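To start, the structure itself, in structure tokens.
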Amino acid sequence: MDDVLMGQVLEDLRQRGFRIEGNIGESILAVKGSRLLIHVMVEGREVPIRKLVSVIDSAEKMGLPLVIALVGNDGTITYYKAHRVRLHGKPKGT
């Protein structure tokens, strides 16, 4: 992860009132009322699904909500909540 992009996300979070507790690889541990794990991704860069699942698993193991910070090509940062979806029951037609 580019240090400039990580710095851009850190600054944006601070401006939004978050307190930064630290970095864990490409993720940021931030607090605003409650603790969040914020994972930084860049628009247009492919990410293997296994990596994304690993990030979700890590957040779950830490007991933290996961937020994806997607840095756009124009520098805008959009935040998305992310979590694993667990489906129950059998699919229709089986």
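Structure notes:
- Rounded tilt (10° steps) of 49-62 against the dominant C-alpha axis of the chain: 80
- Cβ-based net charge around LYS51, under 12 Å, with every Lys or Arg adding one and every Asp or Glu removing one: -1
- Spin-label proximity, ASN23 to the range 37-79 - amide N less than 14 Å from point 7 Å beyond Cα toward beta carbon: 38-41
- Ordering of 24-31, 64-71 by burial proxy (mean other Cβ atoms within 10 Å per residue, highest first): 64-71, 24-31
- Over all other residues within a Cβ to Cβ distance under 15 Å of GLY63, the charged ones net out to 0, with Lys and Arg as +1 and Asp and Glu as -1.
- Between the Cα long axis of helix 3-15 and the first principal axis of the chain there is an angle of about 90°, rounded to the nearest 10.
- Rounded to two decimals, the Cα-based Rg/Rh of the range 3-82, with Kirkwood Rh, is 0.94.
Taken together, the values in this text are just the output of simple stated rules run on the coordinates, not laboratory data. The structure presented is a predicted model; accordingly, all values stated were derived computationally and were not measured. With ideal geometry, Cβ positions are generated from the backbone for all residues, glycine too; neighbour counts draw on all protein chains shown.
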